[in-house]
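To keep things clear, I will list the structure first and then write my remarks on it.
Derivation of every value follows stated rules applied to the coordinates shown; laboratory data play no part. Every value quoted in this text rests on a predicted model; they were computed, and no experiment measured them. Every residue, glycine as well, gets a Cβ built from its backbone with ideal geometry; the counts of neighbours run over all protein chains shown.
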Amino acid sequence: MRTRILKTFATAALMTLTLAACATGQDKVELANGVKLIEEGELAVCTHLPYEPFEYKQGGEIVGFDVDLMDLVADELGLKQRTFNTPFEGIETGQSMNTSKCDIAAAGMTITDERAEVMDFSDPYFDATQALLVNKGSGLNSLESLAGKTLGVQIGTTGQQYAEANVPDDVEVKVFEDLALLVSAVKSGSIPAVINDNSVLYDYVDKNPGTEVSVEFDTGESYGFAVAMGDNDALLETVNEILAQARDDGTYDDLYQKYFPSANSSS
Ligand code: ARG
């Protein structure tokens, strides 16, 4: 009887230990260069779809500017990229990386001071600014022009933050779960204007000529890839080296041309 209780106790203690190891990421695989991975042989990447052209589905496959950059990193480390689609709130709060759901986040995510307190960012790899998407000819070209109207934002984003901090009191802010729902609400006329990052909106306008970007707000943002707080400097170093190399050898420009064909030069 006594041994049985002890055994049960020991098993329970062991289970708790295992769980704790998972939660803190201590059971990660460590490569010779110090890079830590959740799963051997793969680079687990968290993203939030769709955010075209950074990450989106094409013929059942997840593709995009971020995905191609992460492939360069995975190749360098001899890994296969595995992409997880997960809500943006989990990514931008650091939760997805800090609970070992993925090794790195690649989600067109803006580097902010608040986020840098809960995750570690790579060097900046893309510039962005907030912008307003409307239907052509609407005449809506400022936050003030939206008086008495509704402005759509994407949940957890810097666009939501900017809108909430800057819209006049009589503008209603409506929150959408993802970019596709946001932009199609403008096209269908169910909402007069939405705010999001300029590059994704210009991409949408190219494919939906009835819409236009009527103003940019000059928020001066930069995107970074992000890993768990204090836990994977070696992976960040590899990412930064690959980014620098891609800029030097023309790969970055090639990807830029591939995903932003109507922009003239890379940022
Ligand atoms: N750049 C904005 C931000 O960081 C929006 C990013 C949204 N990305 C996505 N994959 N849904 O808040």
**Item:** Folded to 0 to 90 degrees: helix 2-24 orientation relative to the chain principal axis, Cα
**Value:** 40 degrees
**Asked** Summing +1 for each Lys or Arg and -1 for each Asp or Glu, what net charge is found among the other residues whose Cβ lies under 11 Å from the Cβ of Ala147?
**Response** -3
**Prompt:** In terms of modelled amide H atoms, which long-range or inter-chain residues lie less than 5 Å from the amide H of Val215?
**Reply:** Leu132
**Request:** With everything on Cα atoms, drop me the angle between helix 233-248 and the longest principal axis of the chain, reported from 0 to 90° to the nearest 10.
**Result:** 40 degrees
**Request:** Extending each Cα 7 Å along its Cβ direction at Ser190 and Lys258, get the distance between those two points in nm, one decimal.
**Result:** 3.4 nm
**Thr251/Val173 FRET efficiency (R0 30 Å; Cβ-Cβ; nearest 0.05)** = 0.15
**Asked** Taking a threshold of 25 Å on the Cα-Cα distance, which of the pairs Lys101/Lys187; Lys57/Lys149; Lys149/Lys187; Lys57/Lys136 fall above it?
**Response** Lys101/Lys187; Lys57/Lys149; Lys57/Lys136
**Complete:** Rounded to the nearest 10, the angle in degrees between the Cα long axis of helix 198-207 and the longest principal axis of the Cα atoms of the chain comes to 60 degrees
**Request:** Figure the gain on full extension for Ile155 and Asp206 (residue separation times 0.36 nm, minus the Cα-Cα span) and round it to one decimal in nm.
**Result:** 16.0 nm
**Request:** With a point put 7 Å past each Cα toward its Cβ, work out how far Lys57 is from Asp75 in nm, to one decimal.
**Result:** 2.6 nm
**Within segment 24-57: backbone nitrogen closer than 11 Å to the Ala180 label point (7 Å, Cα to C-beta)** = 49-52, 56-57
